[in-house]
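Read through the structure below, which is laid out as structure tokens, and then see the notes.
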Amino acid sequence: MENRVLVVDDEKEIRVFLNKALSRFGGFHVDLAESGEEALKRLEKEPFDLVLTDLKMPKTDGLQLIAEIAKSKPETLTIMMTGHGTIDSALEAMKLGASDYITKPLNLDETILRLRKVLEERQRFVKLRDFADQLERANKELRKIDAMKSEFVSVASHELRTPLAAIKNAVQLILSGRTGEINKNQEKFLSMAERNINRLTNILNDLLNLSRIESGRVELKFQNIKLKGLTELAASSLRPHADEKSIQIQVEIPDSLPAVYGDQEKIEQIFTNLIGNSIKFTPEGGKILISGEVLSHDTAGGYGDMVAISVKDTGIGIPPEHLEAIFEKFHQVEGSLQRSTSGTGLGLAITKGLVEAHQGKIWVKSEMGKGSVFTFTLPISESERRDLYFRFTLDKEFHRVQQNNAPLTLFLFQVVDEGGEAKEVLLNQLEEQVQQCLCRKADILLRRVKEKILAALCEANLQGAQVIRRRIEEGCQQHPLESQGGSVHVKVGMATYPEEALSKAELFRLAKERLGG
Amino acid sequence: MNPKKILVVDDEVDLVETVRFPLEMEGYHVLVSYNGEDALNQARKENPDLILLDLMLPKLDGYKVCRLLKFDERYKHIPILMLTAKIQEKDKVLGMETGANEYITKPFDMDLLLQKVKAHLSQ
């Protein structure tokens with residue numbers, strides 16, 4: 001389709017020239033207007049792709065025309081024609097919305113080129129915009145369908161539950177003997193029916209759970225959680241099942257594992273699902289080991305952000321071709337144990353969803369016939385991250401100074417507040433003072449633990465450390481910490497490696513011992 | 001001694017039957033209602049010893065029936081066990097807020113239900 005161009009110029013010669021040139025050589029459909037007013041009238045009546053306008057015209061000039069078009073016909077492109085030396089007007093025109101400008105006297109080739117370029121650009125833009133619109137619409141549609149799906153699952157689960165209840169009641173009535181005596185075979189098959197009703201109920205529950213997780217409607221009640229206790233709890237609730245197959249469940253989560261930030265109930269569900277799975281796929285006499293550690297530097301992308309928990313079993317293992325798909329809905333490995341009597345095929349999908357809702361990741365390693373290891377990560381609680389960083393860096397420092405036989409001093413500060421009211425505030429003040437006293441050293445490590453502050457200082461020998469200690473004590477005297485009533489003083493404990501102690505444990509012990517001094 | 005009176009409310013006739021039967025076998029006198037309005041009327045007229053109440057009911061839903069009874073001095077002593085196919089946490093909370101004594105999700109275990117009925121009646 002040829003592009004429609006409106007040429008606006010008060011000089012007749014130019015109109016005639018452009019009319020001929022643009023239609024003959026440019027292939028445009030050209031219309032003419034001799035003033036801004038006429039141009040606006042034409043634009044009201046029919047659409048143009050582009051308006052090529054002169055700058056200086058009586059009454060409505062080019063700038064006004066461009067501004068007007070930009071306002072009322074934003075789809076129409078404008079190009080300004082200016083004489084030499086009126087570059088300011090050209091820039092003004094661009095600011096008002098013109099796509100380009102050309103200078104008079106006009107060069108025919110250049111004019112056509114500029115027009116084409118501007119029009120092509122517009123075409124590309126329109127195409128892109130249409131594409132974006134389409135995507136937006138499709139996305140909207142998908143969101144609607146997704147919401148419908150969730151709604152459907154929720155309604156379906158509810159609607160199925162009621163008839164299921166009647167069936168279950170009826171079967172249980174007969175099974176219980178209330179309706180009369182039943183024989184062995186009747187009991188066997190009714191029990192089978194009952195088992196499968198329960199299974200169907202589990203599937204419904206899982207479906208509903210998963211749909212909520214998938215649509216992001218799962219609500220997490222975040223808090224700091226110690227994993228050791230929670231894991232023991234989950235393990236002991238599953239031990240009866242494990243005992244049936246003489247499977248040993250061992251929890252080896254260290255006390256020192258930092259607390260995670262998560263939803264207690266959901267994390268318990270993660271454990272229950274994974275341990276339950278392991279029991280299911282582990283032959284008699286097997287073993288399940290649950291362990292946890294802080295993710296090491298390079299794998300976590302930032303030290304001390306996540307803990308990794310592993311559930312390792314001596315089960316039948318997962319064929320390599322299934323490893324990828326195992327977390328998908330309804331994915332079950334063919335020929336897996338007990339397919340007919342248990343498992344909804346949703347457990348791992350739910351587990352993955354729950355882990356991901358905690359910003360964690362889950363993965364599996366497996367060897368056929370030997371067993372599988374499921375590992376998932378959870379974020380470490382904010383308050384422990386700092387602590388952890390301290391410990392990690394201190395370990396590193398200690399290792400370093402041990403190797404080079406260089407000194408490392410550990411300070412332990414404690415606020416003794418007889419009033420006992422404003423510990424947190426006092427600790428803040430103390431931390432600041434400590435930092436000021438030590439600020440000439442670049443690599444101080446600071447950690448707050450309960451009512452104490454720990455600081456480690458590298459490359460300060462015993463004498464230097466004692467000087468620093470005196471300075472802090474004096475500093476505390478001169479700028480007393482402000483407590484609300486009561487009297488406050490600061491205790492400082494200190495130990496330096498290698499002059500005094502030989503191991504890190506010794507270092508801590510010594511610093512602690514001297515806390516009163 | 002007169003047998004204890006239990007009002008069973010559910011719009012699913014089959015479900016009502018499967019609950020009524022074992023209750024009657026246990027020796028209870030069972031009244032039945034298939035919608036909320038009728039349930040409320042019967043409860044007020046018959047003053048049952050316990051009510052098994054479905055949540056989703058025609059005319060007047062279970063929440064409302066429960067609230068109307070529990071906020072009435074004359075009837076608030078009647079134990080109400082909610083039977084429902086809704087299993088979401090928020091529904092449970094809502095159910096408890098209306099003053100229901102128990103919240104039992106469908107499908108339920110028959111023996112468990114009978115135990116709970118017995119426990120509430122002996123209180």
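Since every read-out is calculated from the coordinates, none of them should be taken as a lab result. Because the structure is predicted, anything quoted here is derived from the model rather than measured. Reconstructed Cβ throughout: ideal geometry from the backbone, glycine too, with neighbour counts over all protein chains shown.
Under 8 Å for C-alpha pairs, at least 6 residues apart: give me the relative contact order for the stretch A:232-331, rounded to a whole percent.
29 percent
Within the stretch B:14-36, find all residues whose amide N lies under 16 Å from a label point positioned 7 Å from the Cα of B:N2 along Cα-to-beta-carbon. Inside the label zone: B:28-32. When the C-alpha to C-alpha distance is required to be over 27 Å, the pairs from A:K266/B:K70; B:K70/B:K116; A:K228/A:K352; A:K12/A:K45 that qualify are A:K266/B:K70.
Quick one: A:T377, A:T272, B:T84, fewest Cβ neighbours within 10 Å first, how do they rank?
So the ranking, lowest neighbour count to highest, is A:T272, A:T377, B:T84.
Taking Cα atoms only, the orientation of helix A:12-24 departs from the longest principal axis of chain A by about 60 degrees.
Please work out how much length the chain gains when fully extended from A:S191 to A:Q466, using 0.36 nm per residue of separation minus the C-alpha to C-alpha distance, in nm with one decimal.
On the way: separation 275, 0.36 × 275 = 99.00 nm, distance 7.87 nm.
That pair, A:S191 and A:Q466, stretches by 91.1 nm at full extension.
Restricting to bridges with both residues inside the stretch A:141-292, how much of the DSSP beta-bridge set is antiparallel, in percent to the nearest 5? Roughly 45 percent of the beta bridges in the stretch A:141-292 run antiparallel, per DSSP.
Each of A:L32, A:Q186, B:F108 was scored by the projection of its Cα onto the charge dipole of the protein assembly as shown, and the greatest displacement toward the positive side belongs to A:Q186; charges sit on the C-beta of Lys, Arg, Asp and Glu. Summing +1 for each Lys or Arg and -1 for each Asp or Glu, what net charge is found among the other residues whose Cβ lies under 13 Å from the Cβ of A:I14? That sum, taken over residues with Cβ under 13 Å, equals -1.
The alpha-carbon atoms of the stretch A:102-148, seen along their principal axes, cover 64, 13, 5 angstrom, with the largest extent given first. Calculated FRET efficiency, B:M96 to B:D72, Cβ-Cβ distance, R0 = 25 Å: about 0.85 to the nearest 0.05. A helix-only calculation puts the protein assembly as shown at -16500 deg cm²/dmol for mean residue ellipticity at 222 nm, using -39500 (n - 2.57) for each DSSP H run of at least four residues, averaged over all residues. Sorting the segments A:68-74, A:307-313 by their residues' average number of neighbouring beta-carbon atoms within 10 angstrom, most packed first, yields A:307-313, A:68-74.
Counting every other Cβ atom within 10 Å of each residue's Cβ, B:Y103, B:Y75, A:Y497 order from fewest to most as B:Y75, B:Y103, A:Y497. Label-to-label distance, A:A505 versus A:L142, with points set 7 angstrom from Cα along the beta-carbon direction: 5.7 nm. Relative contact order for chain A using alpha-carbon pairs under 8 Å, separation at least 6, rounded to a whole percent? 8 percent.
Counting beta carbons within 10 Å around each of A:S154, A:S191, A:S372 and listing the fewest first gives the order A:S191, A:S154, A:S372. Test of understanding: extend the Cα→C-beta vector of A:D305 to 7 Å, then name every residue of the stretch A:345-363 with backbone N under 16 Å from that spot. Residues A:356-362 fall inside that zone.
Which percent, nearest 5, of DSSP beta bridges in chain A are antiparallel?
Expressed as a percentage, antiparallel bridges in chain A total about 70.
Using the Cβ-Cβ distance between A:E424 and A:V373 with R0 set to 35 Å, the FRET efficiency works out to roughly 0.25. Dipole magnitude for the stretch A:60-109: computed about the Cα centre from +1 point charges on Lys and Arg Cβ and -1 point charges on Asp and Glu Cβ, it is near 80 debye.
Here the label points at A:Q403 and A:Q123, each 7 Å from Cα along the C-beta direction, are separated by 6.6 nm in the simple model. For the peptides A:240-246, A:171-177, the ranking by packing is A:171-177, A:240-246, with the highest mean count of neighbouring Cβ atoms within 10 Å listed first. Pairs exceeding a 32 Å alpha-carbon distance, out of B:K45/B:K106; B:K4/B:K86; A:K168/A:K287; A:K312/A:K452; A:K168/A:K221: A:K168/A:K287; A:K312/A:K452; A:K168/A:K221.
Full extension of the chain segment joining A:L106 with A:E159 gains 11.4 nm, where the gain is 0.36 nm per residue of separation less the Cα-Cα distance.
On the basis of the beta-carbon distance and an R0 of 25 Å, A:K59 and A:D31 show a calculated FRET efficiency of 0.80.
Suppose the chain between A:N198 and A:E75 were pulled fully straight at 0.36 nm per residue; how much longer would it get relative to their current alpha carbon spacing? Working it through step by step, the gained length comes to 37.9 nm.
Taken along the Cα-to-beta-carbon direction at a fixed 7 Å, the label points for B:D11 and A:Q478 span 8.2 nm. Using C-alpha pairs below 8 Å separated by at least 6 residues, the relative contact order for chain B is 22 percent.
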